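Undergrad: Please find one structure pasted underneath; my questions will follow.
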Amino acid sequence: MQRQCGIMLVALLIMGVTFMTWRRNISPQFNDWNPLQTPVPIELFVMSKCPDKVDCEQVFSEVLKQVKVPVSLDVNYIGRPNSSQPYGVECKHGPSECLGNIQELCFKQSYPDISDWFNGFTLCLNEEYQDIGVDEYLTTKCANRIGKDYAPVQTCSEGSEGTELLKNSVERTLSLNVEKSCTIYINNKLRCIHDEVWKQCEGGHDISDFARTIEEAYNKGN
Ligand SMILES: *[C@@H]1O[C@H](CO)[C@@H](O)[C@H](O)[C@H]1NC(C)=O
């Protein structure tokens with residue numbers, strides 16, 4: 001009798017665990033409490049001195065304020081690898097743009113919190129985007145505005161770490177055949193392009209449209 005009860009208990013336990021696992025993995029409406037759910041990847045592909053980049057990043061700073069689900073943000077850069085170029089990459093707006101790309105990548109490397117590298121630093125640079133990559137005046141000013149030491153970023157920008165970050169970033173962009181600044185990927189899919197005007201934006205290009213795409217991706221389990 002006692003043994004039968006034991007078997008019953010084990011069977012119930014197995015059924016319970018199986019049900020919980022099923023709810024978590026199969027049934028999408030329960031994903032919002034699934035702690036294993038990964039953040040939705042947002043990727044912007046840009047050139048640091050391009051006005052479309054400024055517009056795009058402004059829109060996404062608003063999108064990030066709206067979305068209620070976890071996201072990851074990456075900004076990658078458009079350029080052509082060329083070992084004869086000063087930073088090993090040819091950038092459309094010249095070597096100062098390559099340096100600007102590197103400064104933004106290095107800042108993120110040093111200060112990975114999105115409120116620092118994106119909302120703080122990059123959006124501040126964008127206010128004077130034509131001066132990006134020209135010298136250390138703008139970068140230092142923007143770092144100071146959010147109370148961050150620019151020294152480690154400068155060391156990264158002037159060394160092989162910076163050129164390596166740019167090379168990897170450009171390769172990520174090339175791997176997707178992305179050529180237009182700014183191109184937006186959400187959840188590893190092309191979502192929209194801002195090239196003077198919005199293009200290929202099935203699903204809309206308002207802040208709330210992007211927010212909806214992100215939330216839907218999260219609730220579907222990416
Ligand atoms: C690489 O850069 C050099 C120097 O500006 C240029 O002469 C050459 O045409 C470039 N190569 C390619 C493949 O674009």
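The values are calculated or read from the model by the stated rules, or taken from the named source; none is laboratory data. The structure presented is a predicted model; accordingly, all values stated were derived computationally and were not measured. Quick reminder, even Gly has a Cβ in these numbers, built from the backbone with ideal geometry, and neighbours come from all protein chains shown. Protein only, heavy atoms only, side chains kept; ligands, DNA and RNA dropped before computing areas. Shrake-Rupley method; radii C 1.70, N 1.55, O 1.52, S 1.80 Å.
Undergrad: Mind checking which pairs have a first residue in the range 69-94 that is among the acidic types (Asp, Glu) and a second that is within 10 Å of the ligand (Cβ to nearest atom), Cβ under 8 Å, 6 or more apart or different chains?
TA: Sorted first by the residue in the range 69-94, then by its partner, the pairs are Glu90/Arg80; Glu90/Pro81; Glu90/Asn82.
Undergrad: Could you go through the range 71-87 and let me know if any residue there is touching a His at 6+ places or on another chain (Cβ under 9 Å) and more than 24 Å from Glu158 (Cβ to Cβ).
TA: The answer is no, given that none of the residues of the range 71-87 is touching a His at 6+ places or on another chain (Cβ under 9 Å) and more than 24 Å from Glu158 (Cβ to Cβ).
Undergrad: Looking only at the range 89-124, which residues are out of contact with any helix residue (DSSP H, G or I) (no Cβ under 6 Å at 6 or more places or on another chain) and hydroxyl-bearing (Ser, Thr, Tyr)?
TA: Ser96, Ser115
Undergrad: May I pose another question? Being within 16 Å of the chain's Cα centre (by Cα) and either under 15 Å from Asn219 (Cβ atoms) or within 16 Å of the ligand (Cβ to nearest atom) (or both) is the filter here; which residues of the range 69-83 pass it?
TA: Val69, Pro70, Val71, Ile78 - these are the residues of the range 69-83 that are within 16 Å of the chain's Cα centre (by Cα) and either under 15 Å from Asn219 (Cβ atoms) or within 16 Å of the ligand (Cβ to nearest atom) (or both).
Undergrad: Please find, within the range 48-61, the residue that is nearest to the ligand (Cβ to nearest atom) out of those that are more than 14 Å from the chain's Cα centre (by Cα) and under 18 Å from Cys192 (Cβ atoms).
TA: Cys50
Undergrad: Would you point out the residue of the range 162-205, among those that are small (Gly, Ala, Ser) and surrounded by 20 or more Cβ atoms within 10 Å (Cβ to Cβ), that is farthest from the chain's Cα centre (by Cα)?
TA: Ranking the qualifying residues of the range 162-205, first place goes to Gly162.
Undergrad: Next up: Any residue that is within 16 Å of the ligand (Cβ to nearest atom), open to solvent by less than 20 Å² (accessible area, probe 1.4 Å) and within 23 Å of Ala143 (Cβ to Cβ) - is there at least one of those in the range 97-108?
TA: Yes: one or more hits.
Undergrad: In the set Lys189, Lys199, which member is at pLDDT 95 or above, over 21 Å from Val40 (Cα atoms) and of a type in the set (Lys, Arg)?
TA: Lys199
Undergrad: Evaluate the following for Glu43: is it modelled with pLDDT of 60 or more, acidic (Asp, Glu) and assigned to a helix (DSSP H, G or I)? Break it down stepwise before answering.
TA: Numbers: modelled with pLDDT of 60 or more: yes; acidic (Asp, Glu): yes; assigned to a helix (DSSP H, G or I): no.
Against the criterion (modelled with pLDDT of 60 or more, acidic (Asp, Glu) and assigned to a helix (DSSP H, G or I)), Glu43 does not qualify.
Undergrad: Could you tell me whether the range 132-139 includes any residue that is at pLDDT 95 or above, aromatic (Phe, Trp, Tyr) and more than 16 Å from the ligand (Cβ to nearest atom)?
TA: Within the range 132-139, none of the residues are at pLDDT 95 or above, aromatic (Phe, Trp, Tyr) and more than 16 Å from the ligand (Cβ to nearest atom).
Undergrad: At least 1 residues that are touching a Phe, Trp or Tyr at 6+ places or on another chain (Cβ under 7 Å) and hydroxyl-bearing (Ser, Thr, Tyr) in each: list the helices (runs of 4 or more DSSP H) lying fully within the range 116-174 that qualify.
TA: Once the helices (runs of 4 or more DSSP H) in the range 116-174 are filtered for at least 1 residues that are touching a Phe, Trp or Tyr at 6+ places or on another chain (Cβ under 7 Å) and hydroxyl-bearing (Ser, Thr, Tyr), what remains is 136-145.
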